[in-house]
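Taken together, the values in this text are just the output of simple stated rules run on the coordinates, not laboratory data. Note that the structure is a prediction, hence the values are computed from the model and not measured. Using ideal geometry, Cβ is built from the backbone for each residue, glycine included, and neighbour counts are taken over all protein chains shown.
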């Protein structure tokens, strides 16, 4: 069955209002059974969309500074992106799961009702069968999938925050694979011939963050020690990061001398981070007006990640070091994972906090633009204009010498301003039964279950660290969540299985103009969504436009933060005025 082809803004608004009238905006819709979603219906021949509908965005508009200028469906199977400035990492960005393509018809109601968060409609190898919240999620093979048939028809994903529990399940044979074995479990797994360990390089960063201007209700920033750059520098010198890595990280992990891992080009140009010097740190803190330290807190979420394998123990170690080395007294504040990420993004965390980042694609822009650039969230507070300018210079050039110079300056300014303290690049792994063919550990933690097959049958059961937050990843940043989206949805490009190279997915190719200001993407034909709807260029335009424009009627998501868009593409269209 064919589906609707183009939507006027009035049509969109009408559908939005209809959806609002028919369903409440529950942020946790039930997903205990398979989605029953009907295919979209055609309303005539294909009518290509452009966004903005009124014409290209003004790249020089005050307060914009974004990368995107226009997104246009040239025809049913061609999309054109016009940019405000060149972007050498464009293909790597559009391969990321935050920019997967949705069925534009389904979006009209499912985004507004939040049904999309729990009942996705995708073009990938799997579709959601059930989501028993708090227990497991079951995926089944998508009968409409255009690519190679998945090697197993059913995937069950479970979760446990305890590494010991994940290992017990693997040893007992109740799961076929697990993510992030505990630091002390690597040798146990390697010694068991029935199991196999697959190691990952540490393409990640764990950091201790500061917010120099929190947006927490009732917070008095005039009394915030973290607003003082010298205080942040003192804490940076007063923490023995090597002790943390030696005691709480698996073999292969390294102390972070830079924010970005050195395996990523330009990540480690310039000056290394401060060395540990408790005496100098204590003096600097006293000179900053805190000779006896102060009282604050360390916030964290108690979920294991490759960059932070034992969050509570690391927090307790930092707590001890701050007291012993600097006289700073702290309490530990453990928050629920989803709420914690939301609070960090909104700039509501005060004191110090533990967070981290795993590479989405292998370029400096993924690390520094997202965290410290023009479009970064409020997690570190007020931005540093000199750092933003250096980041923009590096991002907007394809010249090696220019980028080297720019990122040398970026690393120097991160060290000077200390928005956070880089702690470690954590080695991690997956572990599987030895009889699972195709098993591996992805460097970007985006393992594809469709290429794996246990010897025992037609079902793969995998246990990760935490439950997904939702299944619409345009407005998520959590790695456990992104992994599930990658089984169901697809972008124009993706990353090579087991690698980091961007390769075509729903597009057959995307090619730049000579000035690299226009990218033209040819789309794969005869692709259908899991509900039977046909995929076309208007789906691409709608999926990107709703993330880009704050005034788009579907700019909703789960929280409407859309952090990845702003972090990687510089800014939203119609950005909110500064607070």
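Quick notes on this structure:
- DSSP finds beta bridges in segment 204-422, and of those with both partners inside it, around 55 percent are antiparallel.
- Reciprocal of mean inverse Cα separation for segment 204-422 (Kirkwood radius, Å): 17.6
- Descending principal axes extents, segment 497-579, alpha-carbon based, whole Å: 45, 38, 27
- In the frame of its principal axes, segment 368-409 has Cα extents of 31, 14, 11 Å, reported largest first.
- In the chain, the longest principal axis of the Cα atoms and the axis of helix 400-417 are about 50 degrees apart.
- Between the helical axis of 163-172 and the longest alpha-carbon principal axis of the chain there is an angle of about 50 degrees.
- Among 101-112, 412-423, 260-271, sorting by the average number of other beta carbon atoms lying within 10 angstrom of each residue, highest first, gives 101-112, 412-423, 260-271.
- By average C-beta atoms within 10 angstrom, highest first, the peptides 480-486, 172-178, 194-200: 480-486, 172-178, 194-200
- The packing ranking, built from the mean of other Cβ atoms within 10 Å per residue, places the peptides 544-555, 320-331 in the order 544-555, 320-331, highest first.
- Beta bridges per DSSP with both ends in the chain, % antiparallel, nearest 5: 75
- Globularity ratio of segment 54-206, using Cα Rg and 2.2 N^0.38 Å: 1.45
- Multiplying each eigenvalue of the alpha-carbon gyration tensor of segment 190-330 by 5 and taking the square root yields semi-axes of 31, 17, 16 Å, largest first, rounded to whole angstroms.
- Part-to-part distance (alpha-carbon centres) for segment 371-443 and segment 273-312, which is given in Å: 21
- Size of segment 407-505: Rg and Dmax of its alpha carbons, in Å, are 17.2, 56.
- Geometric descriptor of segment 524-567, per residue, is 100 Å³ (volume of the convex hull of the Cα atoms).
- Values of log10 I(q)/I(0), in the order q = 0.06, 0.07, 0.13 Å⁻¹, for the chain under a Debye, Cα-only, solvent-free model: -0.30, -0.41, -1.43
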